[in-house]
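Enquirer: My questions all concern the structure below.
Throughout, read-outs are computed from the coordinates displayed, never taken from laboratory work. Being a predicted model, the structure only gives us computed values, none of them experimental. Please note: Cβ atoms are built from the backbone with ideal geometry, for glycine as well, and neighbour counts cover all protein chains shown.
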Ligand SMILES: *Cc1c(COP(=O)(O)O)cnc(C)c1O
């Protein structure tokens, strides 16, 4: 089980402190902020994961600078990332985001569409499909949250049974990481519990937030 330290909205100095404490893998949600932070800290010895929603007009900087993308939910985004990944870089590691919450969530591919999307993504030359990712709907019901993580694990197991090589279950955040670990998470994405509460995120287009 690996710890991804989610440093979104936090200054590069906070990341440096985490690096000094031995942390190597960091997660960012906003393209420009992530690119700036990678430029400030470098990529040598560090691993940068893009974990936010990704619009098709923002794929290039992500393909050119990050090591992982966790939230793939459309083939078009995956195709752009593969086409824009420079051939001298190792393949971009990706996870498909699955909607394990049904009507209660809007993000992620529906479980019924997962096998076809997984086959298509796995075939892209500059990507390496590593596994699945989910963000269950917010809930205080521990059993419900745990059942969402169990769903993701079973979906991964089914793809492996069908012959795919997938080593990653990216699930669990500060408030639900114990349940995720109990259900087999291989990467937990933890922000608040490491870096403290966040201020409002920077506005996506770089303008001041009101
Ligand atoms: C912000 C974020 C996290 C970390 O959330 P915390 O509650 O601060 O641990 C993990 N995953 C994703 C996709 C996020 O956007």
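Enquirer: Order these peptides, 117-130, 14-27, by their mean beta-carbon neighbour count within 10 angstrom, highest first.
Expert: So the peptides 117-130, 14-27, ranked by packing, come out 117-130, 14-27.
Enquirer: Here's another thing I want to ask about it. Place a point 7 Å from the Cα of residue 157 along the Cα-to-Cβ direction; which residues of the stretch 174-192 have their backbone N under 20 Å from it?
Expert: Inside the label zone: 178-188.
Enquirer: While we're looking at this one, here's another question. Sort the following peptides by mean Cβ neighbour count (other Cβ atoms within 10 Å, averaged over residues), highest first: 154-165, 74-85.
Expert: Highest-to-lowest ranking by the protection proxy: 74-85, 154-165.
Enquirer: Right, here's the next one. Let me check against my output: what whole-number percent is the relative contact order of the chain, with C-alpha pairs under 8 Å and at least 6 apart?
Expert: Relative CO of the chain lands at 20 percent.
Enquirer: Right, next: Calculated from DSSP H runs of 4 or more alone, at -39500 (n - 2.57) each and per residue, what is the 222 nm mean residue ellipticity of the chain, nearest 500?
Expert: -10500 deg cm²/dmol
Enquirer: Roughly speaking, what is the stretch gain from residue 64 to residue 110, that is 0.36 nm per residue apart minus the C-alpha to C-alpha distance, in nm to one decimal?
Expert: 13.7 nm
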